[in-house]
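This report refers to the structure that appears directly beneath it.
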Amino acid sequence: MKKSIALILILFGFLLPGLAAQEPNPDLPEDDFTRITYDTGDSVFSFGIGLLMPLFNSDNHGNFIPYGKQLGYGGMGYIEWNAYLTSRIRLGLQISGMFAQTINKNTLTMVPITAKFSYLLDFYPLTVPLTLGVGFSFNKLDRLFEFPPILKPGVGCYWSLRGNWELGGQVVYWWIPEIHFRDLADQTRFGNFLEISLGAVYHL
Amino acid sequence: MKKPLFFKTLLLAPALLGLVTACPNKEMGIFFSIENERKLNDNVLPNNATLTGMIKITETSPNVDRYVASTGYLYWVRAVDNFDYHLNANQGGRWERLDPPETGWLCSALVYSGTTSEKVFAVFYNPNASVPTGKLYYADPGVWPLGWTEITLSTNNIAATAQDVKIANDQAFILGYTGAGPERDYFVWNCSASNPSALTTAVTGLDLGKIPSAYFDAAYAGSKYYVSYGYRLFESTSPSGSFSTPSGYTLNTTDAYLITGLLASSFYTDHLFILQKGRGILFYDGGTNWDSAANLAPAVPRSLAEIELTAGPNTGKYLLLATETGGYEYQVPASPDGTAIDFVLPTLTTNGDNYKTLELRLNPALRFFFDKGITTNSNGQQDVIFALTAGYGLWGNRAGSSDRQWNRE
């Protein structure tokens, strides 16, 4: 857990200087900052890193089994591209990845690829995106491999900086149904995780 | 407003693809595996070791039981109830190294003759030699540490190199060869554990030819000795000669029908289990009945063991089967009739056992070693099942008060 947090802070530390070094937009007067608005046809590139908290498994009998010590906190990151359909709606593609270790130090890795829908609440200079990701995930543990669907509802909060950048974070719920049939039907589990991440948005 | 087709596809395609392909894994679910994983104890043996043999021997004075395992290097630990990894080898804790007969030599086979004649046999070789150096040794298990004595092999006055050794009914069967490279000629020698001495004549009737194989085994069932090598199977009433292919055995001379192991059954009197690629498990009564345990349907059986748990939460007779695709456990019927095996669903692991969640499940045992334990105590009989793997170390499963758990040795 401490290692994961340290790693994330270090990685994020690499990002901050780059963001802080952004030059003010020369087209705008220094003391006469004008808000930029975005609409259909504009697009953004985003990336971030954070923690993935394992919450619990649920099965198809209605049982909820907390991961507890079975799975440690994981590190995660993502990159995504989104296009504005309207001034309040973005649609795009996100690739994220996570890793976490089981109680015996086996490493779980998941790489979800999701289509992402965002509805933007505007509280300028804050933007609060309500998001929903739908896709599938490449899950691997030791020699086991799964390819389940994934659903990622979430909410974020980003501060508009001068220039084209926004900086903030998001909380995203990962719901991953691993559905099995026949002999393995009893092994059907619905994985539940919570992502807490810091990220940056760049308006292209 | 009608949405562009691109965005519809972007939304739906991954979801549909995910639903269709959610379950490519036939072994077990990942979240299920995480949920059931148990914290492992990890003794000091290398976790990537390949086990080439394991025995339990008793020093006569003082009376001390020890396990000896071979990973190439020999290791030992005292066999005790209430095993504790924090103790040293003499207290039944951490494994310690045992010297080979010659410095730097490795052990490729290790067997124990049992209770009648009581000898340990082993094959050692020099890993740094440019020519094959396999030598057969024996030792008295009642003296600790083991003192090794070489047994030379030859046939037709030509010195031979030892490759493997097996035990059946206190008879040692030694696989070896003369010559080098592709021109090797393979033979089997036999000696009684009660009188090990230089072996100058190979067993007659065991026509092994020039084809090398890692699959060699021997067993004694129904007053007959059985020897398997590659895809060949032989039987004889004498351990020293007159071997021939059993009547009714369908010999198929391709590697698709390699015999991976033999097991003389203690549950089914006079019966022999034959583990074979392509045929699964054959169940032979020594006469005319060759029953195929087809309902097991393992693609390639690797090892089979009979264990009887007399205390703890899962008493009963069990067959442990390891295949190349995973392990199985089968409970033997209470009253086996010996003519056909009616395997029932496994029960040993349903009581919280962690077998399904471990590497052991995916990297099955080359063979099992079962020990009924030393004494009984408040936790019941402290029996232990060892699983000897290729490249994934030695695993031990010790009886507990409520369940069983596999740990790394």
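Bear in mind that the values in this text are calculations on the coordinates, not laboratory data. In this text, all values refer to a predicted model and were calculated from it rather than measured experimentally. When we count neighbours, we look across all protein chains shown, and the Cβ atoms used for this are built from the backbone with ideal geometry, even at glycine.
Structural remarks
- Near B:Glu118: Cβ cut-off under 9 Å, other residues only, Lys/Arg at +1 and Asp/Glu at -1. The net charge is -1.
- Other protein chain C-beta atoms within 10 Å of residue C-beta, averaged over A:178-189: 5.
- In a DSSP loop and with at most 11 other Cβ atoms within 10 Å, the trypsin sites (Lys or Arg not before Pro) in segment B:122-216 are B:Lys210.
- Å³ per residue enclosed by the Cα convex hull of segment B:148-190: 82 Å³
- Table column - 3J(HN,Hα) (Hz), segment A:143-157, Karplus curve with 6.51, -1.76, 1.60, x for Gly and Pro: 9, 8, 9, 10, 9, x, x, 8, 10, 10, x, x, 9, x, 8
- Ranking of A:Met76, A:Met98 by count of other Cβ atoms within 10 Å, fewest first: A:Met98, A:Met76
- Cα-Cα over 26 Å, subset of B:Lys56/B:Lys210; B:Lys56/B:Lys166; B:Lys135/B:Lys317; B:Lys135/B:Lys372: B:Lys56/B:Lys210; B:Lys135/B:Lys317; B:Lys135/B:Lys372
- Sequence of B:Trp189, B:Trp148 once ranked by neighbouring C-beta atoms within 10 Å, starting from the fewest: B:Trp148, B:Trp189
- Mean per-residue shielding of peptide A:136-148 is 6, counting Cβ atoms of other chains within 10 Å of each Cβ.
- The share of alpha-carbon pairs in segment B:115-178 lying farther apart than 18 Å comes to 41%.
- Packing around the peptides A:174-182, B:241-249, A:103-111, taken as the average count of other Cβ atoms within 10 Å per residue, puts them in this order, highest first: A:174-182, A:103-111, B:241-249.
- Per-residue average of Cβ from other chains inside 10 Å of A:85-96: 1
- Overall Cα dimensions of segment A:88-155, principal axis frame, Å, largest first: 47, 21, 13
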